[in-house]
Structure formats: C-alpha cells, structure tokens
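The values are calculated or read from the model by the stated rules, or taken from the named source; none is laboratory data. A quick note: this is a predicted structure, and the numbers were derived from the prediction, not measured. As a convention, Cβ positions derive from the backbone with ideal geometry for all residues, glycine included, and neighbour counts pool all protein chains shown. Just so you know, the surface numbers come from the protein's heavy atoms only, side chains and all, with ligands and any DNA or RNA stripped out. Shrake-Rupley method; radii C 1.70, N 1.55, O 1.52, S 1.80 Å.
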Amino acid sequence: MPYPTRSSVRGLADEIAAGRLNPAERAEEALRQFDADTACEVLLAAAVAGLPPPAQLVARVVPDLSDIELLPPLVGACGGDRVEMLLDCVGSDRMSSERDALALFLAVQLLEGPAPPRLSTLVRLQARRRLGVEASILLALAAKELRDPQVLEVAKNWLPMANVVEARPLRERLRRLLSAPILDALEERAPTRGVSGFTVRRAVPKVGRNDPCHCGSGKKYKKCCEATDAARAADPSPQAGLTRPEYLRTSGATMSADEVDGLRPSDLAEVDFAALRTRPLIAAVRRASLFHRWDLAERAMDVLAARTDPPDGADAEGYRLDLISDLLQAGEFAGAERQMGLLRDGTSMPASDLLKLELHRPSDRTLAYLEDLAVRGLREPHGDGLLDLSFGLLAASPALGILTARASLSLPRAIDSMMLLDVIEEARDRLALPPGDPSRDTFELLLDRDAARRVDDLGKRKESERSQKLADEADALRAKLNESKARVAELERGLRAQETTLRELPAVPSPSEPAPVTIVEDVERRRLRAKVDELKHMLMERNQERSRLRRELARVNETLATDAAGSSDAPEEDEGGPVAPPRGVLIPTFSSSARDELREVPTAIAGKAILAAASLAAGDVGVWHQVKSMVTATRPLLSCRVGIHHRILARIEGRELTVLAVIHRKDLDAAIRRCDRAAAG
C-alpha cells in the first residue's frame, strides 16, 4: 500500500498528463481493493495534472486514509461542493472523533456564505461526544468561527480549548495544508509507519550485496534478486519469509483475535475467513462492521454461522443478531433484511430493531404496531418496552421521539432516564431546536422532590443505617449541585460583564493610523482578556462538575427509590430477591470466558462491567442493592445490571468475587446453563 509522496505524485501526474493513466479508473480499482492510500495518491496526481477529482469520489477515500494528515491536501485538491462532501463523510458515522472534528473544521474554513444547517447540526452532535485533545481543539475552533449561538451553547464546555497554546499553530498548519499547492503539502519521503497488532519479521533473508544470491542462481545478490527483495522487504509481516499480503492470505489459522482487531479494511479483504479460528472470526465480523464494510462482514458471518464451536456454548445466531443491529444503526436496511432472512425459525429479534425496520418502511399496520408497543410498555413499567419505543422513535422520527421520551421518563429508572435525556438533546440538535429540553429541569426537580420524600419516609420508619447514609449522601449531592448552579450563574454574569467592558475599550488602531490608545488602556485590555479566558476555563470546569453531580444524584436517587419500594419491584423471570452484601472486602477476578466477552462487548459496556465488579468487591451498598440471585441456577449465582441490555453473572467463592460472564440479557438463560455446567465440571 504506497504512501503519497512528492516524487510519487509528481511521477503519476506526468503519466496522467501524457494520457497513459486514467485517474478515475485507477482510483476505482484501488477502492475495490480497499486501498485508500493508492486512490488518494492517484487523485492528488490528477489534481496536479490539472484534473481536480470529483467530490463524490474523494468522499469514498477520506474515511479510510491511513494518515489523517493527507485529508487537508486531498480536500483542497478536489472539485465540486467540498463542504457537502465533508458533511457526508461525517454523517456516514464511519470515522473517528478526531477525523470527524478535522472534517468539520475544514468545512468551516471552506465556507463562502451562510453555513448550511447540516453543518451546525453536526458540530452540535460532535460537541456531545467524548473528545481527545486535538479533536476538542478543532471542534472549539470550528464552533467559534461558525458563531451560531446554539452551537456555542452546546459546545461551551469545549470553547476554552480554542485558546490553548497548541490551537493557533494547529489552525495555521491545517489551513496551509488545505490551500497550499499539492506538491508543497506533501513530504518528499513517506513517514515511518507503525504496524499494529504484531511484531514484524523480515520478509526476505539478510544477504550481503556481493554474496551469492539465496535463490541458488550462482550470481551475486546485487546482480540477481536484490531489487525484487527490496520491494518485498518494504511490506513485512509477523511471519518471517512472508510479505504482509502473503501472510494475510495464508496464515489465517494462526491469527489471534487481537491481530484481527489491528487489521485495516484492505487487510481484512485479503484474509481467508474460512481459515480463521472461531474467536478471530468473530473479531473479523465486528471489525468489518466497525469500518462499515458490510460485504466483508456478511461474508465472515456466513462462515461463522456454519461453526459449531462459538465461545462458551453461545449460539452463532446471536452474532447474526448483532450484525443486524449494526446494519440497522447504519441505515443499511437491505443488508439487515437479507440477514434476517438467514435467521433460524424461532430466533427472535429485539423489539428495538423490529421497530427500526417498521419505521423505515411504514405501512397500514405501523400505527397499530406502535400502539401495541406502547400498551405493552405501559403494562410493564419495570420493563424496557417504553425505553425501546422512545429510542426507536428518537432515531427514526426525532420530533415524535422527543414527545414519547418525555413521557417515558421514570423515577425508578433514573439512570436510564438520564441517558434518555441525553438522546433527547441529540434529537434537538438534528431538528435545529435550541439546546436544553425543558423535560430535563422538570425531571431533576422530580428527582429532588422524590428523594426528599423518601428521606422523610425512611426517617419515619427508622430505616437502617445504610439507608440513612444514602439519604445523607443525596442531601449532600443536592446541596453541592445547587451550589454549583449558583456558581455557574455567578461566573456567567461575571463573564458577560468582563466582555462588555472589553468591548467598550477603544479599538486597536491599524499600523497606518495614529495610535490614540494609551499604554494604560492597552494594559487594561490585556488584563481583561486574560480575565475573560480565566472565567471561560472556570465556567467549563463548573459545567463538567454539574454534569457529574447530576449523574451521581440520579444513581443515589435510584438506589433510594429501590430501597423504599422494597419487594414491590417486579423481578425478571430468572431473578429472585435482593442480595445482602458480604462482610469485608472481596478480591475481584474474571474467568477466561468473561475476559473474552469483555473484549467483544462495546467499550462502554466493558468499562461499566469492570467498574461494577470493583464496586461489588469493595462492598458498595448502592451497587449491591441492584444485585439479584438467579433462581434457575443450580448453584448460587448473582446477576447485576450493566447498562440497559447487559448483565454480569458472578459467584462468591471464599474471599473472591468471580465474574463468570458479561452477556446481553437475551443470552441470560444460556449463560446460566453454561455457568452451571462449568461448576459441575
């Protein structure tokens, strides 16, 4: 996979100018082989030769470039509507947050008139993600240059990053790469590129130039195979004597899941899926889905469906259901329906996925279908029916979703409701509505009142010391939250006052004009600017603290609600009553199957599972109050909710808390049987 350099692009440009190379055909061929770097090299050469590549073709290259530094010169070289092309790339949801932030920054730089509404929407959505340092700087710069009040409100926590030391040189460098002549924007030599997932080995033996050639021809090495070996040596692999393409095509049987997780899309296309063992094959399905390479994902899934040894006795159909969910999330409804046709009879899809399909192609029965879901959700207030309905509508029909989600907020499900409030804000972003749904303040007020009422009830009934401790914690959190709100309001007032004072100072004159501003006024301006920057930084920290306190208060309130409700909570079919925490601290451990499952579940779920295990082992009563015993298990088995749809299963063995499984709730029955078999064996 060649890397575009100044000399390679110049050479290709000469061939294009002479008519010996068709850049569009060559780029299409490279894209069919998932080789985005070669396609980028050809398109840059076409621009140098006076043939700017079309934006539609560039959009297919941008998400898979190996080096993000190639993105600005490629965008600068293309023709057509470059802003819309960049927004299409971000909207595809195929890129990392760093690449999304860069694309949005470049789109703002290319604006020649009013910003399209979709640009403001995507910046708002990006501002709600967790961002690294460089991504946060780029997003802050883009938001400030857009000057959209609603964008600035959503991105206010990131705006101070536009004033850090690294911001200005980063902005200038990217703008230079975007507008500079293409050859000036490229390096003369390809940078050293790391290879992820393995230690590289030599693809050719080490031979002196004047030694006899290793092929046995009798000639000196420099007169025989040196040139051929030089090309092979440039593409090493984990296996000595093989280039990377050779390794990918022939070494599937020895690949690990970690190695598969390090493959690029072009690498996956070379792998023989039938040769992979089952765990690496599962990793291949998920890796292809991550890059939205659905043809590869479906091909790997076909191989996986024929396997009889999924990990820990799981059903391969569960992985097909995950693929269907990924396809629906990406809007690939044709692929999802194709995979649904391959499900075995009796395999049930989650209600949320069925809802997405129904809303994608509404029919005469759609309204009745929604009514049925709503009725079932109302009849089972402790179930997930109303949440599934709300999330489905928020994705397919944001306005209706907001109204439904407001009605689905539930005090006993406070944590899930806080998550729903976050998705409501994203729906408001897509509808270009002002940020800050009124349901958030209303729900937080209800949480506070409900917690206060439960505290009184607990006091009257002289509840346990644990319950009183939770009540005191809720009181303290509410006090901190109120104090934080007051401090934020005070900082905002101070910031507005300082900005007003700064605007009222005389303007700085141009070099050609006399300088009416005194030295004292200039010093005052600098002082005020420093004060404004300091206030902005303090405001960002306070807003982050408010978010943390809100979530902590929701957790404590939910625990209090469960404590006061007692046995009135409706358990799931497999669940018994609550479990008392053990005395003393336990040592948390994970079984080998649980460790494998942690690698396979979404990163956010894995993090929550690890945190839950640590909290249980440490004796956190708030977390232990959510633990249920599994009545269908032959040996004592505990279940703890992790997110909306996942559970961890664990046993206490001596002074150890052993996590046996991290599973989706649909796999709960199979996981319980698997844990019983392991205990019996």
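Observations on the model:
- Gly79 long-range amide H proximity, modeled H, under 5 Å: Ala55
- Each residue was assigned an accessible area with a 1.4 Å probe, and for His625 the value is about 40 Å².
- Charge sum, other residues only, whose C-beta stays under 9 Å from Ala107's C-beta, Lys/Arg counted +1 and Asp/Glu -1: 0
- For Arg406, the shell of other residues with beta-carbons less than 11 Å away shows a net charge of 0, using +1 for Lys and Arg and -1 for Asp and Glu.
- Over the Cα atoms of the range 376-455, the radius of gyration divided by the Kirkwood radius equals 0.99; this is the Rg/Rh ratio.
- Each residue of the range 23-29 was assigned a 3J(HN,Hα) from its phi angle through the Karplus expression (A = 6.51, B = -1.76, C = 1.60, θ = phi - 60°), giving x, 5, 5, 5, 5, 4, 4 Hz with x at Gly and Pro.
- Amide H within-cut-off set for Ser410, under 5 Å, with H built and near neighbours excluded: Ser417
- Solvent-accessible surface of protein heavy atoms, probed at 1.4 angstrom with all chains present, puts Lys223, Lys480, Lys666 in the order Lys223, Lys480, Lys666, largest first.
- Whole-Hz couplings from phi, Karplus 6.51/-1.76/1.60, listed for the range 170-181; x for Gly and Pro: 5, 4, 5, 5, 5, 5, 5, 5, 6, 10, 6, x
- Taking the convex hull of the alpha carbon positions in the range 604-681 and averaging its projected area over all directions gives 5.0 nm².
- Taken one residue at a time, the phi angles of the range 86-97 give Karplus couplings (6.51, -1.76, 1.60, θ = phi - 60°) of 5, 5, 4, 5, 5, x, 5, 6, 10, 10, 6, 5 Hz. Gly and Pro are set to x.
- Rel. contact order, % - alpha carbon contacts under 8 angstrom, at least six apart, the range 17-161: 16
- Remark on Leu657: its backbone amide H falls under 5 Å from those of Ile587, Thr589, a criterion applied only to residues 5 or more positions apart or on other chains, H modelled at 1.01 Å from N.
- Solvent-accessible area of Thr254 with every protein chain in place, 1.4 Å probe, in Å² to the nearest 10: 90
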